[in-house]
Amino acid sequence: MDAEDLPQGVHVLRRILFEGFARGNTDLVDELCSPDLIEHQFGLEGRGAEAIAHVKKAITQVHEAMPDLHYDLEDWATRGNTAWVRFYGRGTNTGPFFGPPSGKAVELTVVDIATVVDGRITEHWGVPDRFSLLQQTGVLARLRPGAAAVDNPLAAPGGKPGDLPGVSPKGAGLV
């Protein structure tokens, strides 16, 4: 399906990722987001001008961290003015991201839910897979040094790879 044939909400969310986050174009936010935007995404929460500023800052930071980032629209659904989308992104961490650039290739999934009225996002919930990015860029290994963290970021401190923190060795439940 061509981008122009997508439902309005899906098309708007596609543009904000493809043209905004992937290209670093913060001007797009003024075109595609209502000045009264209600933003619920963790770390970007806010209303109105505050929300707009948070989204623009996020676009800048993501683009600086991964300037070659590009997305594919994997799935979508709509009901009324609400659109649900799932994107798959790929890029290289060549800029700062919770520390110095790792130079590593990264992949991530982004799920966005938005209400779009008259071509503008009025309310948004976003769920980028930040944990996956932290793992792929080596940030988790830096936060938790040691072989267990490198082999398995979920390994219990002092445990062997495969041990999960808070789970009994026999899998009898949480300890």
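The values are calculated or read from the model by the stated rules, or taken from the named source; none is laboratory data. Keep in mind the model is a prediction, meaning the values are calculated, not measured. All Cβ positions, even for glycine, are placed from backbone atoms using ideal geometry, and neighbour counts span all protein chains on display. Please note that ligands, DNA and RNA were not included when accessible areas were found on the heavy atoms of the full protein model with its side chains. Shrake-Rupley method; radii C 1.70, N 1.55, O 1.52, S 1.80 Å.
Can we say T109 is closer than 14 Å to H11 by Cβ and part of a strand (DSSP E or B)?
For T109, the condition - closer than 14 Å to H11 by Cβ and part of a strand (DSSP E or B) - is not met.
Return yes or no: is P153 under 22 Å from G89 (Cβ atoms), in a loop (DSSP other than H, G, I, E, B) and modelled with pLDDT under 90?
yes
Looking at the stretch 43-53 only, could you name the residues that are free of Cβ contacts under 8 Å to residues at least 40 places away in the same chain and part of a loop (DSSP other than H, G, I, E, B)?
Matches in the stretch 43-53: G43, E45, G48.
Before we move on, is T122 touching a residue at least 24 places away in the same chain (Cβ under 8 Å) and assigned to a strand (DSSP E or B)?
When the stated conditions are applied, T122 passes them.
Could you pull out the residue among T78, T26 that is touching a helix residue (DSSP H, G or I) at 6+ places or on another chain (Cβ under 8 Å), over 29 Å from Q136 (Cα atoms) and at pLDDT 95 or above?
Among T78, T26, only T78 is touching a helix residue (DSSP H, G or I) at 6+ places or on another chain (Cβ under 8 Å), over 29 Å from Q136 (Cα atoms) and at pLDDT 95 or above.
Return the residue satisfying two criteria in turn: it lies in the stretch 92-106 and is open to solvent by 30 Å² or more (accessible area, probe 1.4 Å) and part of a strand (DSSP E or B), and of such residues it is nearest to G24 (Cα to Cα).
Among them, the one singled out is T92.
Among the residues of the stretch 8-33, count how many are open to solvent by 40 Å² or more (accessible area, probe 1.4 Å) and either free of Cβ contacts under 8 Å to residues at least 24 places away in the same chain or over 21 Å from D68 (Cα atoms) (or both).
7
Looking at P100 and the list (1) at pLDDT below 95; (2) of a type outside the set (S, T, Y); (3) touching a Ser or Thr at 6+ places or on another chain (Cβ under 6 Å), which single condition is not satisfied?
(3)
For G89, state whether it is open to solvent by less than 50 Å² (accessible area, probe 1.4 Å), in a loop (DSSP other than H, G, I, E, B) and either of a type outside the set (S, T, Y) or more than 21 Å from L143 (Cβ to Cβ) (or both).
No, not satisfied.
Confirm whether W125 is modelled with pLDDT of 95 or more, closer than 19 Å to C33 by Cβ and under 14 Å from the mean Cα position of the chain (by Cα).
In short, yes.
Examine the stretch 130-139 for a residue that is closer than 30 Å to G80 by Cα, modelled with pLDDT under 95, open to solvent by 40 Å² or more (accessible area, probe 1.4 Å) and not small (G, A, S), and state whether such a residue exists.
Within the stretch 130-139 (the criterion being closer than 30 Å to G80 by Cα, modelled with pLDDT under 95, open to solvent by 40 Å² or more (accessible area, probe 1.4 Å) and not small (G, A, S)), the answer is yes, since at least one residue qualifies.
Scanning the stretch 42-79 for residues that are surrounded by fewer than 17 Cβ atoms within 10 Å (Cβ to Cβ) and in contact with a Pro (Cβ under 8 Å, 6 or more places away or on another chain), which turns out farthest from R120 (Cα to Cα)?
The qualifying residue farthest from R120 (Cα to Cα) is E64.
Taking D36 and the conditions (1) out of contact with any helix residue (DSSP H, G or I) (no Cβ under 6 Å at 6 or more places or on another chain); (2) touching a residue at least 40 places away in the same chain (Cβ under 8 Å); (3) under 21 Å from V139 (Cβ atoms), which numbered condition does it fall short on, given that it satisfies the others?
With (1) out of contact with any helix residue (DSSP H, G or I) (no Cβ under 6 Å at 6 or more places or on another chain); (2) touching a residue at least 40 places away in the same chain (Cβ under 8 Å); (3) under 21 Å from V139 (Cβ atoms) applied to D36, the lone miss is (3).
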